[in-house]
Structures are given as structure tokens and as C-alpha cells.
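Structure first, then comments.
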Amino acid sequence: GILIFILFISCATAFALVKYLNKNATPAETLRRAITNGEIVPFYQPVVNGREGTLCGVEVLARWKHPRSGYIPPALFIPLAEKSDLIIPLTQSLMRQVVTHMNVIAHRLPEGFHIGINVSAAHIASPDFVAECLKFKHSFNHPALNLVIEVTEREPLDVDEDLVQRLNTLHENGFVIALDDFGTGYSGLSYLQDLHIDYIKIDQSFVARVNAEQDSTRILDCVLDLARKLSLSIVAEGVETKEQLDYLNQNNITFLQGYYFYKPVNFQDLIKILLSKPKVKVAVNDPTTPKDD
Ligand code: C2E
Ligand code: MG
Ligand code: MG
Ligand code: MG
């Protein structure tokens, strides 16, 4: 009896201690531990080709699978990771998991399937970035995947000779370079002049404004026009409604991402999606593409 009591007391003390330590850990320490424990996991949001009615790729989106709080969205921890150097181990951990996942389903992925990884400016500037990306690419069993580097810019990109060189090297090694959240934040036209960019992702805030009201699409129209004149391919993100889809179709935007099609899902659900018939609503303008509903 007494032994069990002592055991109970020591367990309770240990538990209280762990709780106490956790409480006193800085947010960065807590995040560091989460990365080490494998709590930062990749979710996948499909990107669809609205013209061909196919699923053409996925974007990898980080989630913190917290033991008590459930899934924590990236807005709550990516900025912290960017301020510390944790964005590097965080992204490396995601890359490793993505490779493991994609190698499991390699036989299911069509040739040219896109896998987009969000990378932060601070990470690109780190000394081993290019080597890490090349290692990432060589870890896939699938011979013909398109790895997309989505350059995000919550922090200003320092467009110098070095950055240009890095992105060029990646491009020469078969990477696709995308400029994320185009039209917001620090994204400036000068990027498009100096960097090799394969496509831009139109920020969802512009797509969200497509509604019945007149003039709601003026900025979107300008952004689309700009992209076309610069011969950049376009992915529209945040497509939520039929109305938005129709508008993008009318404007010949082929690549689409948004809740209208799929939300970001975990790996198990991605497998289900890949096994099922893609839920893609095809372009309204094109009578040759099969309708699926
Ligand atoms: P992002 O790269 O622009 O990713 C698109 C965001 O829009 C995702 O939010 C996605 O869940 C959300 N989204 C997609 N479709 C819709 C839609 O139809 N409606 C609405 N309202 N939202 C939609 P999420 O996953 O919360 O990620 C937010 C941002 O966090 C990402 O924006 C990206 O900038 C950043 N992020 C996520 N994962 C990573 C990562 O691994 N590394 C870095 N550096 N940044 C990341
Ligand atoms: Mg992105
Ligand atoms: Mg984006
Ligand atoms: Mg965005």
C-alpha cells in the first residue's frame, strides 16, 4: 500500500514538474520541441486543372498536431519559426515526411505531378538551402515529379545576386519556382524582373472579391493582365464559390486551388482523394472536356 502511495506521489511530482517546465519554456523552445517530436506534420491541398478536369498537384501546408490542442494552423507558429531559426529544421522535417508519404503513393502520382513547398525568405538565404533542396529532390522514387518552391514573402525578400543565383540553380535542376500570395505584402514588380519565376499564385484575397457587385474584380483583372503580359502561368488560390470558378474559367485561369474543390487534408485523406474520381468541375467554355456531374 505504502509503496503504491510513494509511486503515486513521485509520478504526480514528475507530472507537475513537466507541466511547470513547459509553462516556463519560451514559445520558441516549445516549438523546437514540437519539431523534434514530429508534431509539425504536412497537410496537402490538391491543385486542380480546371481545363482538363484533373488533379495536377498538391501544396504542402504545415500543421502543428498538438497533443492537447489539436491541429494548430500555420499562422500561429510560422511567424515564430521565421523569427527564430526554427523555420529551417521545421521545413526539413516537413520535407522528410513529404518524401516518405509520396514514396508510398508514387505509383498513384501521374507524371509531372506538382508538389509545392512553402519556403520563407530567411530559409532561402541560409547557406545550405540549395543543397537541402537537391537532396529533397533526389529522395523521391518517382522519376517525374515537379517540385515547386513557393516563395512566400511575409518578410521582404532581399533580391540580391545571391538569391537570383540560388533560384536559378534550382530552376536548372528542374525545380519550379512560384511566387506566392501575388499582389499582397512585399511582392513587388521588381521581383518579376530579377528573379526566374515560373508562375504566380494569385492571393485569395483577390479571388474572394469576385462577387455579383460591379467593379469587384478590378484589381484581380489587373493582376491577371500583368501576369499574362509577363508570360507567367497563374494559379488561383482560395476558390470557394461557383461564381468565382466561373469567373476564373472565363479568364482562362487553368490552375485552381480552394475549398470549392478540396480543403487541405492529412496524408490518409489525400490517399482517398487520389483513389477517388477527382471532384473537378471542368471549364464552362470548353465543350470538349468531359463533364463530371
Ligand atoms: P499560402 O501558402 O498562401 O497557402 C494557402 C492558404 O490558404 C492555406 O492556409 C490554405 O489552407 C488556405 N486556403 C486554401 N483554399 C482556401 C479557400 O478556398 N478559402 C480560404 N479561406 N482559405 C483557403 P494555411 O494552411 O492556414 O496556411 C497559411 C499560410 O501559412 C500559407 O499561405 C503559407 O504562407 C504559410 N505556410 C503554411 N505552411 C508553411 C510551411 O511549411 N512553411 C512556410 N514557410 N510557410 C507555410
Ligand atoms: Mg503557398
Ligand atoms: Mg498563397
Ligand atoms: Mg495566401
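The values are calculated or read from the model by the stated rules, or taken from the named source; none is laboratory data. Quick caveat, the model's predicted, so the values are computed rather than measured. Using ideal geometry, Cβ is built from the backbone for each residue, glycine included, and neighbour counts are taken over all protein chains shown.
The C-beta contact set for the stretch 241-259 (first residue farther than 15 Å from Arg209 by Cα, second residue crowded, with 17+ Cβ neighbours inside 10 Å and small (Gly, Ala, Ser), distance under 6 angstrom, 6+ apart or interchain) comprises Asn249/Ala283; Ile253/Ala236; Thr254/Gly50; Leu256/Gly50; Leu256/Ala236. Within the stretch 124-148, residues that are under 17 Å from Asp162 (Cβ atoms) sit with their Cβ atoms under 7 Å from residues that are in a loop (DSSP other than H, G, I, E, B) and charged (D, E, K, R), at 6+ positions apart or across chains, in these pairs: Ala125/Asp158.
Selection of the stretch 243-266 for residues being under 20 Å from Ala62 (Cβ atoms), in a loop (DSSP other than H, G, I, E, B) and not polar (S, T, N, Q) yields Gly258, Tyr259, Tyr262, Lys263, Pro264.
Yes or no, residue by residue, for (1) within 29 Å of Arg108 (Cβ to Cβ); (2) part of a strand (DSSP E or B); (3) touching a residue at least 12 places away in the same chain (Cβ under 8 Å); (4) among the aliphatic types (A, V, I, L, M):
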position: Glu29; (1), (2), (3), (4): no, no, no, no
position: Arg32; (1), (2), (3), (4): no, no, yes, no
position: Ile35; (1), (2), (3), (4): yes, no, yes, yes
position: Val41; (1), (2), (3), (4): yes, yes, yes, yes
position: Arg51; (1), (2), (3), (4): yes, no, yes, no
position: Val60; (1), (2), (3), (4): yes, yes, yes, yes
position: Arg63; (1), (2), (3), (4): yes, yes, yes, no
position: Arg68; (1), (2), (3), (4): no, no, no, no
position: Leu80; (1), (2), (3), (4): no, no, yes, yes
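Scanning the stretch 39-62 for residues that are surrounded by fewer than 22 Cβ atoms within 10 Å (Cβ to Cβ), modelled with pLDDT of 95 or more and away from ligand 3 (no atom under 16 Å from the Cβ) gives Glu39, Val41. Kindly indicate the residue of the stretch 88-124 that is within 16 Å of ligand 4 (Cβ to nearest atom) and not hydroxyl-bearing (Ser, Thr, Tyr) and also modelled with the lowest pLDDT among those meeting that condition. The residue in question is Ala121.
Could you look through the stretch 129-141, keep only residues that are farther than 16 Å from Gln97 by Cβ and away from ligand 1 (no atom under 16 Å from the Cβ), and pick out the one that is surrounded by the most Cβ atoms within 10 Å (Cβ to Cβ)? Top of the filtered list is Val130.
Among residues of the stretch 174-185 that are away from ligand 2 (no atom under 12 Å from the Cβ), those with a Cβ under 9 angstrom from a residue that is of a type in the set (Gly, Ala, Ser) and part of a strand (DSSP E or B), sequence gap 6+ or separate chain, pair up as Val176/Gly116.
Consider His196 carefully, then state whether it is more than 15 Å from ligand 2 (Cβ to nearest atom), surrounded by 15 or more Cβ atoms within 10 Å (Cβ to Cβ) and within 27 Å of Pro143 (Cβ to Cβ). Taking the combined requirement at face value, the residue does not satisfy it. Is there a residue being of a type in the set (A, V, I, L, M), in contact with an Asp or Glu (Cβ under 8 Å, 6 or more places away or on another chain), farther than 30 Å from Leu220 by Cβ and surrounded by 14 or more Cβ atoms within 10 Å (Cβ to Cβ) anywhere in the stretch 95-118? For the stretch 95-118, residues of a type in the set (A, V, I, L, M), in contact with an Asp or Glu (Cβ under 8 Å, 6 or more places away or on another chain), farther than 30 Å from Leu220 by Cβ and surrounded by 14 or more Cβ atoms within 10 Å (Cβ to Cβ): present.
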